[in-house]
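A short worksheet on the structure shown next.
The values are calculated or read from the model by the stated rules, or taken from the named source; none is laboratory data. Note that the coordinates shown come from a computational prediction; the quantities given were computed from them, not determined experimentally. Glycine also receives a Cβ, built like all others from the backbone with ideal geometry; neighbour counts cover every protein chain displayed.
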Amino acid sequence: MPFSFNVLQARGAARAGVFTTPHGDIATPAFMPVGTLATVKTLDPEDLRRAGASMVLSNAYHLHLRPGDELIRDLGGLHRFMGWDGPMLTDSGGFQVFSLETLRTVSEQGVEFRSHINGDAKFFTPETVIGIERNIGADVMMQFDHVIPGQSTEAVARDAMERSARWLARCRTAVDESAASAPFEQVLFPIVQGGIHPQLRRESVARIMEVADWAGFGIGGLSVGEAKPDMYAMIETTDEVLPRDRPRYLMGVGFPEDLIEGVRRGVDLFDCVAPTRMGRTGAVFTYEGRLNVKRAELRTDPGPLDPDCDCSTCTRFSRAYLRHLFVSNEILGLRLLSLHNVHFLIRLMRTARSHIVSGTFDQWSADWLSRYFAKSEITR
């Protein structure tokens with residue numbers, strides 16, 4: 001089978017596994033850099049390989065708008081188009097239902113968006129989204145779902161969860177009907193919804209399991225404005241009811257502490273734009289909390305960005321130099337900090353995996369979080 005998931009070791013809910021796809025294996029837990037528009041901003045695919053990335057994410061909504069999913073198909077698919085030969089996942093545009101709230105209208109049939117580029121109307125349905133994702137050619141396609149703000153009421157969350165479940169059935173039918181035209185074997189992941197309401201999360205999983213036997217699952221609708229304890233509680237609720245022999249992907253979550261808390265609760269895959277977005281503003285992750293390189297006291301600091309990091313930014317350049325790049329508006333600064341942040345999260349998940357395998361994950365994760373939060377207020 002082109003898709004499989006093997007759990008090699010588990011410590012409580014945390015597990016170390018291998019997710020196999022047509023374009024290679026992903027050792028989990030793993031962080032996926034986000035290449036929304038077929039590029040992880042400022043970084044070359046070779047940078048990602050050297051950082052240890054095994055899977056990247058792109059966005060069907062944005063690639064449909066430009067350059068166009070049919071163009072990508074005609075040029076050989078997204079792997080060839082962007083020069084990445086490893087596993088790839090496409091988000092369906094469901095997050096844009098949340099983030100572009102003022103530019104869209106939701107109905108049972110689908111979502112009409114007003115393009116943020118030129119204002120043109122674009123109507124997305126579960127069926128058209130599967131067509132777009134087929135054209136793009138990622139290994140894993142996410143269902144089209146209805147994402148709502150994190151603090152939504154139970155009534156609003158139920159409406160969106162049930163609509164997502166109905167759209168999932170339509171996505172599955174579209175996948176089956178388009179199988180003959182697939183560039184290679186692709187797989188569809190459903191997405192668990194339900195806001196911050198535990199019973200809705202359980203019902204969402206039950207509805208999903210009625211549709212098909214899935215190769216993996218997305219956990220959506222989190223990190224969209226809810227409190228962190230609520231997010232962690234929903235991950236725990238979902239962990240209790242999802243099959244344990246399939247990978248779980250926590251969508252749009254990428255701060256270091258949230259990755260570790262997610263792994264503690266049975267999550268295998270993560271993604272987020274935070275590492276590159278923060279890097280472009282001068283903010284970086286370090287093993288002693290977040291650091292802003294624009295701080296005045298770093299002007300003469302000869303030390304590395306993070307002495308515990310082995311990325312090429314930290315092993316070659318000083319804090320003083322990186323600060324100089326940012327205050328001088330040099331593009332290299334954006335690239336070097338983005339590279340560090342992506343490397344940091346990939347390495348963090350690789351380290352977590354090694355501790356799961358060795359049986360030391362519980363103590364390591366507690367110590368790591370304690371150190372990180374103890375220093376964060378000093379280094380911000």
Return the residues of the range 7-55 that are in contact (Cβ under 8 Å) with a residue 40 or more places away in the chain, within 23 Å of Pro256 (Cβ to Cβ) and either outside the structural domain of Pro183 (by TED's automatic domain parsing) or of a type in the set (Ser, Thr, Tyr) (or both); say none if nothing qualifies.
Thr28, Thr36, Thr42
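Let's see how each residue does on (1) surrounded by fewer than 24 Cβ atoms within 10 Å (Cβ to Cβ); (2) out of contact with any strand residue (DSSP E or B) (no Cβ under 6 Å at 6 or more places or on another chain); (3) in the same structural domain as Pro304 (by TED's automatic domain parsing); (4) in contact (Cβ under 8 Å) with a residue 24 or more places away in the chain:
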{"site": "Phe326", "(1), (2), (3), (4)": "yes, yes, yes, yes"}
{"site": "Asn329", "(1), (2), (3), (4)": "yes, yes, yes, no"}
{"site": "Leu332", "(1), (2), (3), (4)": "yes, yes, yes, no"}
{"site": "Arg335", "(1), (2), (3), (4)": "yes, yes, yes, yes"}
{"site": "His340", "(1), (2), (3), (4)": "no, no, yes, yes"}
{"site": "Ile346", "(1), (2), (3), (4)": "yes, no, yes, yes"}
{"site": "Thr351", "(1), (2), (3), (4)": "yes, yes, yes, no"}
{"site": "Asp362", "(1), (2), (3), (4)": "yes, yes, yes, yes"}
{"site": "Arg371", "(1), (2), (3), (4)": "yes, yes, yes, yes"}
Closer than 27 Å to Lys228 by Cβ, among the aliphatic types (A, V, I, L, M) and surrounded by fewer than 17 Cβ atoms within 10 Å (Cβ to Cβ) - does that describe any residue in the range 92-111?
yes
Here is a list of conditions, (1) touching a strand residue (DSSP E or B) at 6+ places or on another chain (Cβ under 7 Å); (2) in contact (Cβ under 8 Å) with a residue 40 or more places away in the chain; (3) farther than 24 Å from Arg104 by Cα; (4) assigned to a helix (DSSP H, G or I), and Val205 meets all of them except one; can you say which number that is?
(2)
Is at least one residue of the range 98-107 of a type in the set (A, V, I, L, M, F, W, C), touching a helix residue (DSSP H, G or I) at 6+ places or on another chain (Cβ under 8 Å) and assigned to a helix (DSSP H, G or I)?
no
Sort out which residues of the range 68-117 are among the charged types (D, E, K, R) and modelled with pLDDT of 95 or more, and write them in order of number.
Asp69, Glu70, Arg73, Asp74, Arg80, Asp85, Asp91, Glu108
Among the candidates Arg295, Arg280, residue that is closer than 28 Å to Val224 by Cβ and either in contact with a Phe, Trp or Tyr (Cβ under 9 Å, 6 or more places away or on another chain) or surrounded by fewer than 21 Cβ atoms within 10 Å (Cβ to Cβ) (or both)
Arg280
For the structure I just gave you, tell me whether Arg323 is over 17 Å from Thr42 (Cα atoms), more than 15 Å from the chain's Cα centre (by Cα) and not β-branched (Val, Ile, Thr).
yes
Consider Ile356 carefully, then state whether it is farther than 23 Å from Arg49 by Cα, assigned to a helix (DSSP H, G or I), at pLDDT 95 or above and among the β-branched types (Val, Ile, Thr).
yes
Specify which of the listed residues (Arg290, Arg280, Arg265) is of a type outside the set (Phe, Trp, Tyr) and at pLDDT below 95.
Arg290
In the range 50-61, is there at least one residue being surrounded by fewer than 19 Cβ atoms within 10 Å (Cβ to Cβ) and part of a strand (DSSP E or B)?
no
Condition met for Pro67 (in a strand (DSSP E or B) and assigned by TED's automatic domain parsing to the domain that holds Ser115)
no
Of everything in the range 302-320, what is touching a helix residue (DSSP H, G or I) at 6+ places or on another chain (Cβ under 8 Å), outside any loop (DSSP other than H, G, I, E, B) and either under 18 Å from Asp47 (Cα atoms) or of a type in the set (A, V, I, L, M, F, W, C) (or both)? Give them in sequence order.
Ser312, Thr313, Cys314, Ala320
